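Student: Below is one structure. I have some questions about it.
The values are calculated or read from the model by the stated rules, or taken from the named source; none is laboratory data. What you see is a predicted model, and the numbers here were worked out from it, not measured in a lab. Glycine gets a Cβ as well: all are built from the backbone with ideal geometry, and neighbour counts include every protein chain shown. The accessibility values were calculated without ligands, DNA or RNA, using every heavy atom of the protein model including side chains. Shrake-Rupley method; radii C 1.70, N 1.55, O 1.52, S 1.80 Å.
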Amino acid sequence: GDSVTQMEGPVTLSEEAFLTINCTYTATGYPSLFWYVQYPGEGLQLLLKATKADDKGSNKGFEATYRKETTSFHLEKGSVQVSDSAVYFCALSVGGGSNYKLTFGKGTLLTVNP
Amino acid sequence: DAGITQSPRHKVTETGTPVTLRCHQTENHRYMYWYRQDPGHGLRLIHYSYGVKDTDKGEVSDGYSVSRSKTEDFLLTLESATSSQTSVYFCAISESSTEETQYFGPGTRLLVL
(Lines give C-alpha, C1' and ligand atoms only; values in the text may rest on other atoms or scores of the structure.)
Protein backbone atom coordinates (compact mmCIF):
# COMPACT_ATOMS: atom_id res chain seq x y z
CA GLY A 1 0.00 0.00 0.00
CA ASP A 2 0.87 3.66 -0.04
CA SER A 3 3.08 5.00 2.73
CA VAL A 4 5.09 8.04 3.76
CA THR A 5 8.23 8.01 5.88
CA GLN A 6 9.55 11.24 7.31
CA MET A 7 12.44 11.92 9.60
CA GLU A 8 11.67 11.53 13.25
CA GLY A 9 11.89 14.50 15.46
CA PRO A 10 11.98 16.46 17.42
CA VAL A 11 14.19 18.86 15.52
CA THR A 12 15.56 21.83 17.43
CA LEU A 13 17.25 24.71 15.63
CA SER A 14 18.40 28.19 16.35
CA GLU A 15 16.81 31.11 14.55
CA GLU A 16 18.23 31.68 11.03
CA ALA A 17 19.49 28.08 10.77
CA PHE A 18 18.92 25.96 7.67
CA LEU A 19 16.13 23.41 7.86
CA THR A 20 15.73 20.09 6.10
CA ILE A 21 13.03 17.57 6.93
CA ASN A 22 13.35 14.40 4.90
CA CYS A 23 10.36 12.66 3.38
CA THR A 24 10.25 9.55 1.22
CA TYR A 25 7.25 7.70 -0.10
CA THR A 26 5.99 4.52 -1.68
CA ALA A 27 2.92 4.62 -3.85
CA THR A 28 1.08 2.28 -6.18
CA GLY A 29 0.19 5.02 -8.59
CA TYR A 30 1.55 8.44 -9.51
CA PRO A 31 1.01 10.52 -6.40
CA SER A 32 0.72 14.17 -5.66
CA LEU A 33 2.83 15.24 -2.70
CA PHE A 34 2.08 17.67 0.10
CA TRP A 35 3.54 19.30 3.14
CA TYR A 36 1.11 20.33 5.85
CA VAL A 37 1.95 22.34 8.95
CA GLN A 38 0.21 22.22 12.32
CA TYR A 39 0.76 25.09 14.73
CA PRO A 40 0.13 24.43 18.43
CA GLY A 41 -3.55 23.93 19.19
CA GLU A 42 -4.64 24.27 15.57
CA GLY A 43 -5.66 22.11 12.64
CA LEU A 44 -3.47 21.30 9.68
CA GLN A 45 -2.76 23.89 7.01
CA LEU A 46 -1.47 23.19 3.55
CA LEU A 47 2.06 24.53 3.28
CA LEU A 48 2.95 23.49 -0.27
CA LYS A 49 2.36 20.80 -2.83
CA ALA A 50 3.69 19.33 -6.07
CA THR A 51 1.75 17.24 -8.53
CA LYS A 52 4.37 15.87 -10.92
CA ALA A 53 8.00 14.91 -11.08
CA ASP A 54 10.53 17.76 -10.82
CA ASP A 55 7.87 20.22 -9.71
CA LYS A 56 8.94 22.50 -6.89
CA GLY A 57 6.36 23.61 -4.36
CA SER A 58 7.10 26.74 -2.38
CA ASN A 59 5.43 28.94 0.21
CA LYS A 60 6.53 31.21 3.06
CA GLY A 61 10.20 30.53 2.28
CA PHE A 62 9.74 26.75 2.40
CA GLU A 63 10.49 24.63 -0.66
CA ALA A 64 10.22 20.99 -1.65
CA THR A 65 11.00 19.30 -4.97
CA TYR A 66 9.20 16.19 -6.23
CA ARG A 67 11.96 13.67 -6.98
CA LYS A 68 10.51 10.62 -8.65
CA GLU A 69 13.87 8.87 -9.07
CA THR A 70 14.49 8.90 -5.32
CA THR A 71 10.81 8.90 -4.32
CA SER A 72 11.45 11.89 -2.09
CA PHE A 73 9.92 15.25 -1.23
CA HIS A 74 12.26 16.87 1.29
CA LEU A 75 11.21 20.13 2.93
CA GLU A 76 13.78 22.92 3.15
CA LYS A 77 13.99 26.47 4.41
CA GLY A 78 17.07 28.62 4.30
CA SER A 79 16.54 30.60 7.48
CA VAL A 80 14.00 29.50 10.06
CA GLN A 81 12.19 31.78 12.47
CA VAL A 82 10.74 31.20 15.91
CA SER A 83 7.29 31.42 14.31
CA ASP A 84 8.08 28.32 12.22
CA SER A 85 7.90 26.17 15.34
CA ALA A 86 5.22 23.59 14.54
CA VAL A 87 4.64 19.99 13.50
CA TYR A 88 5.23 19.29 9.82
CA PHE A 89 3.52 16.45 7.98
CA CYS A 90 4.47 15.01 4.63
CA ALA A 91 1.56 13.43 2.75
CA LEU A 92 0.68 11.87 -0.56
CA SER A 93 -2.50 11.49 -2.52
CA VAL A 94 -3.22 8.97 -5.24
CA GLY A 95 -6.51 9.36 -7.01
CA GLY A 96 -8.68 6.27 -7.01
CA GLY A 97 -11.91 6.40 -8.88
CA SER A 98 -13.50 9.71 -7.98
CA ASN A 99 -11.82 10.24 -4.65
CA TYR A 100 -8.44 11.29 -3.37
CA LYS A 101 -7.30 10.05 0.00
CA LEU A 102 -4.33 11.49 1.84
CA THR A 103 -1.73 9.24 3.42
CA PHE A 104 0.33 11.03 6.07
CA GLY A 105 3.73 10.57 7.59
CA LYS A 106 3.96 10.58 11.37
CA GLY A 107 4.95 14.22 11.62
CA THR A 108 8.11 16.05 12.65
CA LEU A 109 8.09 18.50 15.53
CA LEU A 110 10.25 21.54 14.84
CA THR A 111 11.25 23.90 17.62
CA VAL A 112 13.12 27.08 16.74
CA ASN A 113 14.87 28.89 19.56
CA PRO A 114 15.67 32.61 19.49
CA ASP B 1 -9.44 30.00 5.38
CA ALA B 2 -11.94 27.33 4.45
CA GLY B 3 -15.14 27.56 6.47
CA ILE B 4 -14.97 24.42 8.56
CA THR B 5 -16.14 24.14 12.14
CA GLN B 6 -16.13 21.18 14.46
CA SER B 7 -18.20 20.65 17.56
CA PRO B 8 -17.62 20.10 20.33
CA ARG B 9 -14.02 21.25 20.50
CA HIS B 10 -13.38 19.32 23.67
CA LYS B 11 -15.22 16.41 25.22
CA VAL B 12 -14.73 14.09 28.16
CA THR B 13 -16.85 10.96 28.27
CA GLU B 14 -16.96 7.58 29.91
CA THR B 15 -16.28 4.17 28.42
CA GLY B 16 -19.35 2.63 26.87
CA THR B 17 -21.22 5.84 26.12
CA PRO B 18 -22.09 6.92 22.58
CA VAL B 19 -20.46 10.07 21.27
CA THR B 20 -21.20 12.11 18.16
CA LEU B 21 -18.84 14.65 16.68
CA ARG B 22 -20.02 17.15 14.12
CA CYS B 23 -18.23 18.72 11.19
CA HIS B 24 -19.89 21.63 9.44
CA GLN B 25 -18.67 23.34 6.26
CA THR B 26 -19.83 26.45 4.45
CA GLU B 27 -17.82 25.80 1.25
CA ASN B 28 -20.30 23.45 -0.44
CA HIS B 29 -17.46 20.97 -1.04
CA ARG B 30 -18.43 17.49 -2.10
CA TYR B 31 -15.83 15.48 -0.21
CA MET B 32 -15.52 15.28 3.56
CA TYR B 33 -13.19 13.22 5.71
CA TRP B 34 -12.68 12.23 9.33
CA TYR B 35 -9.16 11.60 10.64
CA ARG B 36 -7.77 10.83 14.03
CA GLN B 37 -4.40 12.08 15.21
CA ASP B 38 -2.36 10.11 17.70
CA PRO B 39 1.28 10.47 18.79
CA GLY B 40 3.55 8.33 16.66
CA HIS B 41 0.86 7.68 14.05
CA GLY B 42 0.32 10.96 12.31
CA LEU B 43 -3.19 11.26 10.91
CA ARG B 44 -5.19 8.20 9.95
CA LEU B 45 -8.36 8.19 7.90
CA ILE B 46 -11.46 6.88 9.68
CA HIS B 47 -14.24 7.44 7.13
CA TYR B 48 -14.92 9.68 4.22
CA SER B 49 -17.88 10.90 2.19
CA TYR B 50 -18.08 11.63 -1.52
CA GLY B 51 -21.60 13.01 -1.45
CA VAL B 52 -24.82 13.15 0.50
CA LYS B 53 -25.52 9.67 1.85
CA ASP B 54 -22.36 8.35 0.14
CA THR B 55 -19.70 7.22 2.58
CA ASP B 56 -16.88 4.71 2.75
CA LYS B 57 -14.43 3.30 5.26
CA GLY B 58 -10.88 4.40 5.85
CA GLU B 59 -8.03 2.51 7.42
CA VAL B 60 -9.21 2.71 11.06
CA SER B 61 -13.00 2.53 10.81
CA ASP B 62 -13.73 -0.15 13.43
CA GLY B 63 -15.89 1.25 16.24
CA TYR B 64 -16.93 4.31 14.22
CA SER B 65 -19.87 5.13 12.01
CA VAL B 66 -20.67 8.23 9.96
CA SER B 67 -23.63 9.91 8.39
CA ARG B 68 -24.09 12.68 5.89
CA SER B 69 -27.66 13.80 5.32
CA LYS B 70 -26.72 17.28 4.07
CA THR B 71 -23.80 18.56 2.03
CA GLU B 72 -22.61 20.78 4.85
CA ASP B 73 -22.66 18.29 7.74
CA PHE B 74 -20.66 15.13 8.34
CA LEU B 75 -21.20 13.33 11.64
CA LEU B 76 -18.85 10.86 13.28
CA THR B 77 -20.33 8.54 15.90
CA LEU B 78 -18.51 6.37 18.37
CA GLU B 79 -21.15 3.80 19.10
CA SER B 80 -19.67 2.75 22.45
CA ALA B 81 -16.60 4.76 23.31
CA THR B 82 -13.44 3.00 24.47
CA SER B 83 -10.25 4.39 25.97
CA SER B 84 -8.41 3.54 22.73
CA GLN B 85 -10.57 6.14 21.00
CA THR B 86 -9.08 8.92 23.08
CA SER B 87 -7.60 11.10 20.38
CA VAL B 88 -7.81 14.35 18.49
CA TYR B 89 -10.29 14.15 15.63
CA PHE B 90 -10.00 16.28 12.53
CA CYS B 91 -12.49 16.85 9.79
CA ALA B 92 -11.32 17.79 6.31
CA ILE B 93 -12.98 18.82 3.06
CA SER B 94 -12.01 18.88 -0.57
CA GLU B 95 -13.73 20.40 -3.52
CA SER B 96 -13.97 17.85 -6.26
CA SER B 97 -12.51 14.74 -7.79
CA THR B 98 -9.94 16.88 -9.61
CA GLU B 99 -8.87 18.88 -6.55
CA GLU B 100 -6.70 16.86 -4.22
CA THR B 101 -5.97 19.50 -1.61
CA GLN B 102 -7.79 18.92 1.65
CA TYR B 103 -8.63 21.69 4.12
CA PHE B 104 -8.82 20.88 7.79
CA GLY B 105 -11.01 21.94 10.66
CA PRO B 106 -9.67 22.98 14.07
CA GLY B 107 -10.08 19.53 15.65
CA THR B 108 -11.98 17.95 18.53
CA ARG B 109 -10.07 16.67 21.52
CA LEU B 110 -11.83 13.61 22.95
CA LEU B 111 -10.93 11.94 26.24
CA VAL B 112 -12.57 8.61 27.07
CA LEU B 113 -12.23 7.67 30.73
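Student: Quick check for you: with a 1.4 Å probe and neighbouring chains kept, what is the accessible area per residue of the stretch B:71-113, in Å²?
Tutor: 37 Å²
Student: Another question, then. Can you run the Rg to Rh ratio on the protein assembly as shown? Use alpha carbon positions and the Kirkwood inverse-distance Rh.
Tutor: 0.97
Student: Using only the C-alpha atoms of chain B, find the volume of their convex hull and express it per residue in Å³.
Tutor: 94 Å³
Student: Grab the alpha carbons of the stretch A:31-73, take their convex hull, and tell me the volume per residue in Å³.
Tutor: 70 Å³
Student: Would you mind checking the pairs A:K106/B:K11; A:K52/B:K53; A:K60/A:K106; A:K52/A:K101; A:K60/B:K53 and listing those with alpha carbons more than 27 angstrom apart?
Tutor: Correct reply: A:K52/B:K53; A:K60/B:K53.
Student: To continue, here is another question. So, R0 is 35 Å and r is the distance between the beta-carbons of A:E15 and B:S84; what FRET efficiency does that work out to, to 0.05?
Tutor: 0.30
Student: May I ask you to give the solvent-accessible area per residue for chain A, in square angstrom, as obtained with a 1.4 angstrom probe?
Tutor: Per-residue value: 47 Å².
Student: Right, next: List the residues of the stretch B:39-59 whose accessible area drops by at least 20 Å² when all protein chains are present, compared with their chain alone, using a 1.4 Å probe and counting only protein heavy atoms.
Tutor: Residues losing area: B:G40, B:G42, B:L43, B:L45, B:Y48.
Student: For the stretch A:2-56, treating each Cα as an identical point scatterer without solvent, what Debye log10 I(q)/I(0) comes out at q = 0.15, 0.16, 0.18 1/Å?
Tutor: -0.59, -0.67, -0.83
Student: Follow-up. For B:S69 and A:N59, what is the calculated FRET efficiency with R₀ set at 41 Å and r taken between the beta-carbons, to the nearest 0.05?
Tutor: 0.70
Student: Carbon and sulfur together cover what percent of the accessible area of the protein assembly as shown at a 1.4 Å probe radius?
Tutor: It is 47 percent, rounded to a whole number.
Student: Here's a follow-up. Could you calculate the contour length gain from A:E42 to A:N22, that is, 0.36 nm times the residue separation minus the distance between their Cα atoms, to one decimal place in nm?
Tutor: 4.9 nm
Student: Could you give me D for chain A, from Stokes-Einstein at 25 °C and 0.890 mPa s, where the hydrodynamic radius is the Kirkwood radius over C-alpha pairs? Units µm² s⁻¹, please.
Tutor: Answer, rounded: 173 µm²/s.
Student: For the interface of B with A, what's the total buried accessible surface in square angstrom, probe 1.4 angstrom, rounded to the nearest hundred?
Tutor: The B and A chains share an interface burying roughly 1800 Å².
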